[in-house]
1. Take segment 21-48 and flag every residue that is over 18 Å from Arg77 (Cβ atoms) and among the acidic types (Asp, Glu).
2. Is it true that His11 is modelled with pLDDT under 90 and of a type outside the set (Phe, Trp, Tyr)?
3. Select from segment 62-80 the residues that are hydrophobic (A, V, I, L, M, F, W, C) and out of contact with any Cys (no Cβ under 9 Å at 6 or more places or on another chain) and list them in ascending order.
4. Here are some residues: Thr67, Thr60, Thr44. Which one is closer than 30 Å to His20 by Cα, among the hydroxyl-bearing types (Ser, Thr, Tyr) and without any contact (Cβ under 8 Å) to a residue 24 or more places away in the chain?
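The values are calculated or read from the model by the stated rules, or taken from the named source; none is laboratory data. Values in this document were obtained by computation on a predicted structure and should not be read as measured data. Here the Cβ is made from the backbone with ideal geometry for all residues, glycine too, and neighbour counts use every protein chain on show.
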Amino acid sequence: MECKKCGATEHSKNGFIKGHQRYKCKNCGYQFVPTLQKGFDEQTKLIACLLYINGLSFRTIAGLLNTSATSILSWVRKFALQHYEKPQPASEAVVIQLDEMRHFLHLKKTSFEYGKHIVLVQYNASNVAMVIPLPLKNDSKD
């Protein structure tokens, strides 16, 4: 058995903790319990990530694995950083000031239930974008 901190093999017994024998390293003085393992194994973390990719929520996965939703979130984030490449945009983005957009949409005298519904249409030939407000189905003017 090796010390978890320095890797030395010389140690002595140093009491019990939660029913398990505790050891003290003679080299660095670190106290450790070799039988206790913290956390979940990599297979469980991978299963949690696959369940999330297939559409289950963090809380549902946490309930299935008897852990917290925060743990699932950190596992998914770590998995994403290791396995996902951020795609590069194909073309240069067009910057539109929000204040100008608000004035443009505010001048339109149409009513919507929950905010303005708009569609951004981009023309490939000239890289010009156009914003088209869409009325809701129940906004028919008879």
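1. Asp41
2. Judged against the criteria, His11 is not a match.
3. Passing the criteria: Ala62, Leu64, Leu65, Ala69, Leu73.
4. When all the criteria are applied, what remains is Thr44.
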